[in-house]
Amino acid sequence: MIECMAIHPHLQYISQHKMLNADIGVITNVRMDHDDVMGSTLSNIANSLSNTIPKKGYFFTTESTYFSLFERT
């Protein structure tokens, strides 16, 4: 098990899609954290976190508010 610790959106994308290629992704919550780099709104932060979702694999979340955003990723 590996946790993506990148907070910059472009590094989140690189970590998942260029380095790790995880086949299982989990986002437990979207909250106001690292808003200086991930965005000033919860929607921006959810979008940033979506960079870690596997393209071909499984994804789990408890976030019902941003589920449709995650589903489109």
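The values are calculated or read from the model by the stated rules, or taken from the named source; none is laboratory data. Only a predicted model underlies this, so the values are computations on that prediction, with no experimental measurement involved. All Cβ positions, glycine included, derive from the backbone under ideal geometry; neighbour counts span all protein chains shown. In case anyone asks, the SASA skips ligands and DNA or RNA and just uses the protein heavy atoms, side chains included. Shrake-Rupley method; radii C 1.70, N 1.55, O 1.52, S 1.80 Å.
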Suppose only helical runs count, i.e. DSSP H with n ≥ 4. What mean residue ellipticity at 222 nm does that imply for the chain under -39500 (n - 2.57) per run, divided by all residues and rounded to the nearest 500 deg cm²/dmol? -7500 deg cm²/dmol
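Report, to the nearest whole %, how much of the accessible area of the chain belongs to carbon and sulfur atoms, 1.4 Å probe, protein only. Each step should come with its number before you reach the end.
Numbers: 2770 of 5160 Å².
About 54 percent, which is the carbon plus sulfur part of the accessible surface.
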The chain, relative contact order in percent, only Cα pairs under 8 angstrom and at least six apart counted: 36 percent
Taking the Cα centre of the chain as origin, sum charge times position over the Cβ atoms of Lys and Arg (+1) and Asp and Glu (-1), and report the length of that vector in debye to the nearest 20. 280 debye
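Order His17, His10, His34, most accessible first, counting only protein heavy atoms with a 1.4 angstrom probe. Walk me through the numbers before you get to the answer.
Working: His17 35, His10 115, His34 75 Å².
From most accessible down to least: His10, His34, His17.
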Probe 1.4 Å, heavy atoms of protein chains only: per residue, the accessible area of the chain in Å² is 71 Å²
